[in-house]
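Below is one structure, written out as structure tokens, with a few remarks after it.
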Amino acid sequence: MAVEWTITIEGRNEFGDVCRKAVRIDKSWERLFDGDLGLSIEDSKTIMAALQSAVVNHEAETYSLFRRVCPDCHRLRPVKDYTTRRIRTVFGIVEVRNPRWMLCRDCYPGMVDAFAPLREICPDRAKSELMELTARLGSMMPYRQAARVLAEFLPVEPTATVRKRTIRIGERLDDQVAEEELHARAQTDERRQLEMQLPGDRRKEFVISIDTAHVRSADSNSARNFELVVARCGRGGRGEGGGRYFVTGSTDQRAIRDRALHAFGK
């Protein structure tokens, strides 16, 4: 004697296509008598793998149909061929139909070229969520152990791609940091310290440097935090020594102005 559970998922896209997927889980009474209540990890893997397959196939088909329409003349592009593509996700490998569309012959006469729309949204043959999760675990533990942890709780195969994905994510982060530094250097002139241009004696000039610091409560259970304002007031141009410092717990502009004027008056 057994208990049978049926889980059904249904989706409908903008083209009116309906996708329906049913997953059946059989559970014997012997498991219940042994104290095995509810769904197990293996049951959850089966359910999530089936539901993921339905959702990914439906979304991939919808995106492919959307990209088949030429954005210029709104006609359907010709078909090059149909292949299959395996996409690795957090909930298992999903095999989808991978069409290739030709360029529109009316809008691009004389050009014979084809493109795969799924390559645009999944160039690594794996979802970014799986790439990031694999890289995060690979950076905290040995690669083989990270692969075993993923396979233990998720319907993914324990492969040796943890190291490759970790290195690939690291290379992308390095490229992102290098691009941000290049962008920051290009804006150096715009972020220079502003100084009042006064003719004559540089001692007539004054500089105010203001910075803030967020201070957390020493009690980890307390949600009370506050912000400090640290400022330096001095006369002379940039690079001059001396000056006075003050700290205030108020971020109000009037309070900061009053404290700065008081510091200059001393």
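The values are calculated or read from the model by the stated rules, or taken from the named source; none is laboratory data. Quantities reported herein were computed from a predicted structural model and do not represent experimental measurements. Methodologically, a virtual Cβ is constructed for each residue, glycine included, from the backbone with ideal geometry; neighbour enumeration extends over all protein chains shown. Side chains included, ligands, DNA and RNA excluded: accessible areas come from the protein's heavy atoms. Shrake-Rupley method; radii C 1.70, N 1.55, O 1.52, S 1.80 Å.
Tell me which residues, restricted to region 138-167, are of a type in the set (A, V, I, L, M, F, W, C), surrounded by 20 or more Cβ atoms within 10 Å (Cβ to Cβ) and in a helix (DSSP H, G or I). Break it down into steps so the answer makes sense when it comes.
Filtering region 138-167 down to residues of a type in the set (A, V, I, L, M, F, W, C) leaves 140-141, 146-147, 149-151, 153-154, 156, 160, 162, 167.
Those left that are additionally surrounded by 20 or more Cβ atoms within 10 Å (Cβ to Cβ): 146-147, 150, 156, 162.
Scanning region 138-167 gives Ala146, Ala147, Leu150, Val162.
Could you list, in sequence order, all residues of region 1-38 that are closer than 19 Å to Gly92 by Cβ and open to solvent by 100 Å² or more (accessible area, probe 1.4 Å)?
Once the filter is applied, which keeps residues that are closer than 19 Å to Gly92 by Cβ and open to solvent by 100 Å² or more (accessible area, probe 1.4 Å), region 1-38 yields only Arg24.
Out of region 39-50, which residues are surrounded by 12 or more Cβ atoms within 10 Å (Cβ to Cβ) and in contact (Cβ under 8 Å) with a residue 12 or more places away in the chain? Please lay out each step first, then the result.
Residues of region 39-50 surrounded by 12 or more Cβ atoms within 10 Å (Cβ to Cβ): 39-40, 43-50.
Passing the criteria: Leu39, Asp43, Lys45, Thr46, Ile47, Met48, Ala49, Ala50.
Does at least one position in region 67-76 carry a residue that is out of contact with any helix residue (DSSP H, G or I) (no Cβ under 9 Å at 6 or more places or on another chain), without any contact (Cβ under 8 Å) to a residue 12 or more places away in the chain and open to solvent by 60 Å² or more (accessible area, probe 1.4 Å)? It would help to see each step written out before you state the result.
Taking region 67-76 and keeping what is out of contact with any helix residue (DSSP H, G or I) (no Cβ under 9 Å at 6 or more places or on another chain), we get 69-75.
Those left that are additionally without any contact (Cβ under 8 Å) to a residue 12 or more places away in the chain: 69, 71, 74.
So of that shortlist, the ones also open to solvent by 60 Å² or more (accessible area, probe 1.4 Å) come out as 71, 74.
The answer is yes, given that some residue of region 67-76 is out of contact with any helix residue (DSSP H, G or I) (no Cβ under 9 Å at 6 or more places or on another chain), without any contact (Cβ under 8 Å) to a residue 12 or more places away in the chain and open to solvent by 60 Å² or more (accessible area, probe 1.4 Å).
Which of the residues spanning region 80-90 are open to solvent by 60 Å² or more (accessible area, probe 1.4 Å) and touching a helix residue (DSSP H, G or I) at 6+ places or on another chain (Cβ under 9 Å)?
Of everything in region 80-90, just one residue is open to solvent by 60 Å² or more (accessible area, probe 1.4 Å) and touching a helix residue (DSSP H, G or I) at 6+ places or on another chain (Cβ under 9 Å), namely Arg88.
Checking the structure you have, find out if any residue of region 96-106 is open to solvent by 40 Å² or more (accessible area, probe 1.4 Å) and closer than 30 Å to Ala147 by Cα. Reasoning before the result, please.
Narrowing region 96-106 to residues open to solvent by 40 Å² or more (accessible area, probe 1.4 Å): 97, 100, 105-106.
Keeping just the survivors that are closer than 30 Å to Ala147 by Cα gives 97.
Yes, region 96-106 has at least one match.
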